[in-house]
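What follows is one structure encoded as structure tokens, with my remarks underneath.
The values are calculated or read from the model by the stated rules, or taken from the named source; none is laboratory data. Worth saying up front: this structure is predicted, and the values here are computed from it rather than measured. Cβ placement follows ideal geometry from the backbone for every residue including glycine, while neighbour counts extend to all protein chains displayed. Just so you know, the surface numbers come from the protein's heavy atoms only, side chains and all, with ligands and any DNA or RNA stripped out. Shrake-Rupley method; radii C 1.70, N 1.55, O 1.52, S 1.80 Å.
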Amino acid sequence: MVKKRVILMYISENSGHHSATLAIEKTIKMLSPDSVTLNINAFNYTNPISEKFVNSIYMSIIKRTPKIWDYLYDNPTIAKKIAKMKEVIHKFNSPKLKNLFDRFKPDVVVCTQAFPCGMVADYKKTYGSDIPLIAVLTDYVPHSYWVYDTVNYYITPSEEVSLNLIKKGIFQNRIKAFGIPFDPKFNDPVDCDKVIKKLKLDPKAATLLIMGGGQGLGPIKTIVKSLEKVTHNIQEIIVTGTNKKLNRSLKRKIKKYKKRIVLFGYTDAINELMSIADIIITKPGGITTAEALTKKLPLIIVKPIPGQEINNTHYLTQKHAAVKIEKPNKINFTIDELIGNRQMLEALRESAGKISKPNSSVDIGKLILSLK
């Protein structure tokens, strides 16, 4: 493979956007060891003072008033109203990008979030740059903030998303339905018996993997309480991510629960945990979804975030790869039904496999390295 200098841009450290750039970076190094990459939080680089403030507002809206985010997300009226403001912000950030690009001299720029994609797209117009720009979408509906004339390629999670982009005016030859990038290790074989033994789990019990994204969001405590009522033989693996408060709370209560529970905070072992799980109960973030689909793991979705996660949920349920639960405190009924009906569980597995894109990161890496 040809040696390349690649800048990868995301926003927010504990996010799917960052996981996506890390997956692409790892793949580039695997395909072309001599290539040089720079993986950068674009928001922190251009607006270090406001980054934490904006992130805290976003998290506050998601947790307390999610309907506001639902209104703002992919709203054409809002997009039109803030277009001028966005243009001013991009122009303000362009000199900083020029300084970065002049120093690093990238052959390709890859963005996994719309904000840096817009900045680089405007930079290309402002300075007449021909640096190839690749936009990598990590959710199953393409919102309007992604659409720019100077993006060379769009990487989409599915053919349906590609069609939506075409409707928004993007030419078909600029779109590749490679899928959402994730760590290539999720395609490696796992010794499940060894992992089960290491975690001291019962090989005969149904294993439920419970996650709330990297930040451990969602009604996990309510879910765990409801699972105590499941009549079948189950055991739980709970991953709380960076949510230390949730982790401490569950750790205090574990001995009171009847079901076997293995508790993790932030872990790099998700590949192994998904491999031994029979069902995953989770928020439908793009990266988690892509990983689970590759493992042909049936998804139970609880309390998706309005906007991107609601859209992901629609896609997954329409494709019969997931079940959405309206009431977390009643999840025990769904678990009992699925475990008691192996045909239904197998149908979910098959559907997950049909829409998975196991080679996504490699396909994206090859495209990046092929650009001139």
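A cysteine counts as unpartnered when no other cysteine's C-beta lies under 4.7 Å of its own; in the chain this applies to Cys192.
Using the empirical formula 2.2 N^0.38 Å as the baseline, the Cα radius of gyration of the chain reaches a ratio of 1.01. Here the label points at Lys366 and Asn99, each 7 Å from Cα along the C-beta direction, are separated by 4.0 nm in the simple model.
May I ask you to give the solvent-accessible area per residue for the chain, in square angstrom, as obtained with a 1.4 angstrom probe? Write down the numbers at each step before the final one.
Details: 17830 Å² over 372 residues.
In whole numbers, the chain has 48 Å² accessible per residue.
Output the relative contact order of the chain, whole-number percent, from Cα pairs under 8 angstrom with separation of 6+ residues.
For the chain, the relative contact order is 18 percent.
For Glu160 and Lys229, a Förster radius of 45 Å and the Cβ-Cβ distance give a FRET efficiency of 0.75, rounded to the nearest 0.05.
The gain in end-to-end length when the Asp336 to Ala269 segment is fully stretched comes to 21.4 nm, 0.36 nm per residue minus the alpha carbon separation. Listed cross-link partners Lys185/Lys295; Lys319/Lys354; Lys283/Lys330; Lys303/Lys354 are compared with a 20 Å cut-off, the Cα-Cα value being larger for Lys303/Lys354. Per-atom-type breakdown for the chain gives carbon and sulfur 54% of the accessible area (1.4 Å probe, protein chains only). Taking a straight line from the alpha carbon of Lys296, these aspartates and glutamates sit under 12 Å away, with near neighbours fewer than eight places off in the same chain left out: Asp278, Glu346, Glu350. Rounded to the nearest 10 degrees, the angle from helix 244-253 to the longest Cα principal axis of the chain is 0 degrees.
Given a Förster radius of 22 Å and the C-beta distance between Arg248 and Asn329 as r, what FRET efficiency does 1/(1 + (r/R0)^6) yield to the nearest 0.05?
Working: r = 22 Å, r/R0 = 1.00.
Efficiency at R0 = 22 Å is approximately 0.50.
Under the convention that each Lys and Arg Cβ holds +1 and each Asp and Glu Cβ holds -1, the size of the dipole of the chain around its Cα centre is about 1180 debye. Each label point was placed 7 Å from the Cα along the Cα-to-Cβ direction; for Lys167 and Lys194 their separation is 4.7 nm.
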